[in-house]
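Peer 1: If you scroll down you'll find the structure; I have some questions about it.
The values are calculated or read from the model by the stated rules, or taken from the named source; none is laboratory data. Here the structure is a predicted model, which means the values were calculated and not measured. All Cβ positions, even for glycine, are placed from backbone atoms using ideal geometry, and neighbour counts span all protein chains on display. Areas reflect the complete protein model, heavy atoms only, side chains present, ligands, DNA and RNA absent. Shrake-Rupley method; radii C 1.70, N 1.55, O 1.52, S 1.80 Å.
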Amino acid sequence: MPEVQLSPRRIREHLRRRWYFYLAGIVLLCFLNNLIFTVTRPRTPERALLRVMLVNVDAPEAELERLEARLLTAAQAAEPEVRAVEIEPLQYLGEQDAGSNILLTTRFVSGGADLYIADAASCEVMAARGYCAALDESGLSGAELLTDPETGEACAVRLDAGAVFSDAEGEVCLFVSAGADNPAAAKAALQNLTSGVNG
């Protein structure tokens with residue numbers, strides 16, 4: 001008569017002979033779990049997202065959260081469907097560094113941001129490459145405007161970094177991306193940031 005009772009010896013023997021079934025099952029469950037939770041994760045649609053790129057601008061987390069809230073309020077005033085602001089830093093090491101140039105160009109071409117906040121040197125490079133959209137000067141009276149070297153149109157705003165981040169020193173330039181998904185929201189956010197310097 002065959003042995004039908006469960007015993008520790010039989011369990012060990014079963015696991016020794018069939019361990020690969022259990023390993024394959026665990027791997028499959030991990031894969032399915034990851035697939036389900038990444039596919040069903042809620043995402044903000046592109047039209048409801050204002051993306052901001054900080055190029056060579058460092059700020060503490062608390063300042064970034066304050067900036068995010070300020071930009072969200074300004075963007076929602078111009079485009080009510082905007083639901084979130086996403087801020088991403090980018091280090092640009094200058095025109096001599098090939099990696100930085102490739103990264104900056106790739107981010108711009110792929111629609112990496114709607115609004116850029118950059119240091120003065122990076123802003124000049126991006127303006128020369130045509131990354132800046134023309135600005136409407138009517139809402140920016142009193143602000144120092146930078147012009148596109150080719151077209152002569154106002155394309156960026158230069159202001160004290162303290163107007164954007166409370167403890168920052170130096171100057172930053174703000175401009176709306178020429179490839180912005182949300183140009184109205186980005187322009188409203190730019191005007192909000194320059195409102196402290198408007199005469």
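Peer 1: Amide H of residue 144 versus every other amide H placed in the peptide plane: which residues, excluding those fewer than 5 positions away on the same chain, fall under 5 Å?
Peer 2: Here the answer is 158, since their amide H atoms fall under 5 Å of that of residue 144.
Peer 1: If you average the sequence gap of Cα pairs under 8 Å that are 6 or more apart and divide by the length of the chain, what percent do you get for the contact order?
Peer 2: Averaging sequence separation for qualifying contacts and normalising by length gives 23 percent for the chain.
Peer 1: Using the Kirkwood radius over Cα pairs, work out the Stokes-Einstein diffusion coefficient for the chain at 25 °C and 0.890 mPa s, in µm²/s as a whole number.
Peer 2: 125 µm²/s
Peer 1: With a Förster radius of 41 Å, plug the Cβ-Cβ distance of residue 17 and residue 41 into 1/(1 + (r/R0)^6) and report the FRET value to the nearest 0.05.
Peer 2: 0.55
Peer 1: Which value does Rg/Rh take for segment 1-117 over its C-alpha atoms, Rh per Kirkwood?
Peer 2: Radius of gyration over Kirkwood radius for segment 1-117 works out to 1.35.
Peer 1: Something else about it: Kindly provide the pair-distance distribution of segment 107-199 built from C-alpha pairs, with 10 Å bins from 0 and whole-percent values in order of increasing distance.
Peer 2: 18, 54, 27, 1
Peer 1: A follow-up question, please. Residue-wise, which Karplus ³J(HN,Hα) couplings in Hz belong to segment 107-121, taking 6.51 cos²θ - 1.76 cosθ + 1.60, θ = phi - 60°, and x for glycine or proline?
Peer 2: Result, ordered by residue: 4, 5, 5, 7, x, x, 7, 9, 10, 10, 10, 9, 6, 4, 5 Hz.
Peer 1: What ranking, highest mean first, results for peptides 37-48, 76-87, 114-125, 94-105 when packing means the other Cβ atoms within 10 Å averaged over each residue?
Peer 2: The peptides rank, most packed first, as 114-125, 76-87, 94-105, 37-48.
Peer 1: Then there's this: Looking at the calculated P(r) for segment 33-93, what percent of the C-alpha pair distances fall above 14 Å?
Peer 2: 64 percent
Peer 1: Kindly provide the helix-only [θ] at 222 nm of the chain, computed as the sum of -39,500 (n - 2.57) over DSSP H runs of four or more divided by all residues, to the nearest 500 deg cm²/dmol?
Peer 2: Roughly -14000 deg cm²/dmol at 222 nm, from the helical runs in the chain.
Peer 1: Once segment 52-166 is represented by equal point scatterers at the alpha-carbon sites, with solvent omitted, what log10 I(q)/I(0) does the Debye formula produce at q = 0.13, 0.23 Å⁻¹?
Peer 2: -0.54, -1.55
Peer 1: Let me ask something else about it. How much length, in nm to one decimal, is gained on full extension between residue 7 and residue 83, taken as 0.36 nm per residue of separation minus their Cα-Cα distance?
Peer 2: 21.4 nm
Peer 1: I'd like the carbon and sulfur percentage of the solvent accessible area for segment 1-136, probe radius 1.4 Å, heavy atoms only, ligands and nucleic acids excluded.
Peer 2: Result for segment 1-136: 62 percent of the exposed heavy-atom area is carbon or sulfur.
Peer 1: Moving on to the next point. Between residue 135 and residues 5 or more places away or on another chain, which pairs have amide H atoms under 5 Å apart, with H built 1.01 Å from N, and which residues are they?
Peer 2: Counting only residues 5 or more places away or on other chains, the set is 154, 155.
Peer 1: With the other protein chains left in place, how much accessible area per residue, in square angstrom, belongs to segment 1-89 at a 1.4 angstrom probe?
Peer 2: Each residue of segment 1-89 exposes 78 Å² on average to a 1.4 Å probe.
Peer 1: Hey, what do the phi angles of segment 88-95 turn into as Karplus ³J(HN,Hα) couplings, whole Hz, using 6.51/-1.76/1.60 and θ = phi - 60°, x for Gly and Pro?
Peer 2: Computed from phi, the couplings for segment 88-95 are 10, x, 8, 8, 10, 9, x, 5 Hz.
Peer 1: Amide H of residue 86 versus every other amide H placed in the peptide plane: which residues, excluding those fewer than 5 positions away on the same chain, fall under 5 Å?
Peer 2: Amide H neighbours of residue 86: 50, 51, 52.
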